[in-house]
Amino acid sequence: VDAAGTRVFDLDIRAGETRFHDGPATRTAGVNGAFLGPTIRAHRGENVAFTVHNGLGETTSLHWHGMHVPAAMDGGPHQTVAPGETWTPKWTVAQPAATLWYHPHLHGKTAEHAYRGVSGMFILDDDDTAALNLPDTYGVDDLPVIVQDRDFDDGNQFDGSVPFLGNLGALGDEILVNGVLGPYTEVSTRLVRLRLLNASNARIYDFGFADDRRFSLVGTDGGLLAAPWRTTRLQLSPGERAEIVVAFRPGETTELRSYGGGEGLEGFGARINGGADRFDVLQFRAADRLTDTTEVPAVLGAAPDVDTDDVARARSFELAGREINGARMDMDRVDFAVREGSTEVWEVVNTNGYPHNFHVHDVRFQVLDVAGGAAPPPLRGWKDTVLLVPDRTYRLAMRFSDYSDPDSPYMYHCHLLTHEDEGMMGQFVVL
Ligand code: C2O
Ligand code: CU
Ligand code: CU
């Protein structure tokens, strides 16, 4: 924190080497290290400022996924950082506590730079959330769980190539959690909060525990749910986050897994899209004595309540192939303008036979309904990225409260990174 009270972060994007397997090290990239980056943490209302130095040796950018941020600070494809240059975004944190993340966003290169390892978690705190009795000791009972799949070639190098016939992009057969293969963690408390981030390029996970125990979903992309939702499975597509609280028994060892299947990944064709793949993700080794903690509160936050009585515009988006509404991303074309202070409802449908997802910069949205019915429980909280199961229309309500800027567009896109790079992205400005 500097003299003016601004929280200052120095970030250096760089190339490096990481030893995942015996034999040659893997050429990787990271932020302030060889693979992945530090967890950034800031409080609602705080001013934050960054020096983002690009030591990667090629142009890249750094985007704050989920952040309500002025468009010129967003780190999207227009805020590129040339090799050796430093970018200095700053803004005031103006949103509730949530688990966000950062990653590169250079158009056409996002998949490659993210696969090499340039990403990290960005946690926002606020007083209301701190006052709840949720596990919140970072690294003890509040753990970041950044999940990525990777393919290694015979020389131990990352192979991010897209398989012949695969629809989604690069699918790896080994799982990294926080950059570690075959990970485990010690557990010393009965309840543990996991901040799950699907930071994979293409893979969709269906998380659950080895013994199918129930856990509580307490937060989604944009913050806490109104109330915990008890479940045994949770599906996350690339870019989505979830906060869950799980209870452990003294002395036990168990695993978080990804089960095959899940919405949009069942039936014909699912196998080539990873729907048949199962993984152990993270092992938990509980101590013989566990510190007891209070139960998860029954009331967590406020349910999303976007006022749709006065919707300025309804828009529709059809995702198919690598296009949105029949067009691919063009850096020089702004697709539309929204009015500052207005509420919009976006109807989004994937008319392909395989999954896409949909992410909007700058805002958190409320899923009003899915295929005309109520949004399922995991989509009832604030979201910024949502899986699009084929042929279902998702109606998303969002408010563009401020930050008008005619010169800097925000992005909306499929977060399967190969799709995004190949053009499944559009741009809007707030005026
Ligand atoms: Cu996670 Cu446009 O980004
Ligand atoms: Cu984003
Ligand atoms: Cu897609």
Worksheet item: Using alpha-carbon pairs under 8 Å, 6+ residues apart, how would you state the relative contact order of the chain in percent?
Response: 14
Response to the item:
Ordered by fewest other Cβ atoms within 10 Å, a rough proxy for footprinting exposure, Ile204, Ile244, Ile123 read Ile123, Ile244, Ile204
Worksheet entry | Helix-only CD estimate at 222 nm, as mean residue ellipticity for the chain, using -39500 (n - 2.57) per DSSP H run (n ≥ 4) | -1000 deg cm²/dmol
Response to the item:
Sparse-neighbourhood loop hits (chymotrypsin sites (Phe, Trp or Tyr not before Pro), region 103-200; DSSP loop; Cβ within 10 Å at most 15 others) -> Phe164
Worksheet item: Is the chain rounded, prolate or oblate when judged by the Cα gyration tensor, a ≥ b ≥ c being the square roots of its eigenvalues, rounded requiring a/c under 1.5 and prolate requiring a/b larger than b/c?
Response: rounded
Practice prompt. Would you mind working out the magnitude of the charge dipole of the chain relative to its Cα centre, with +1 at each Lys and Arg C-beta and -1 at each Asp and Glu C-beta, to the nearest 20 Debye?
Written response: 500
Worksheet entry | Three-way shape call for region 311-430 based on the alpha-carbon gyration tensor, with the a/c threshold at 1.5 | oblate
Practice prompt. Take the alpha carbon gyration tensor of region 172-325, find the square roots of its eigenvalues, order them as a ≥ b ≥ c, and report rounded if a/c is under 1.5; if not, report prolate when a/b exceeds b/c, else oblate.
Written response: oblate
Discussion item. For region 1-29 and region 385-431, what is the centre-to-centre distance using only Cα atoms, to the nearest Å?
Written reply: 28
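Readers should treat all values here as calculations from the given coordinates under stated rules, not as data from a laboratory. Since this is a predicted model, take the numbers as computed values, not measurements. Heads up, the Cβs are rebuilt from the backbone with ideal geometry, glycines too, and the neighbour counts pull from every protein chain shown.
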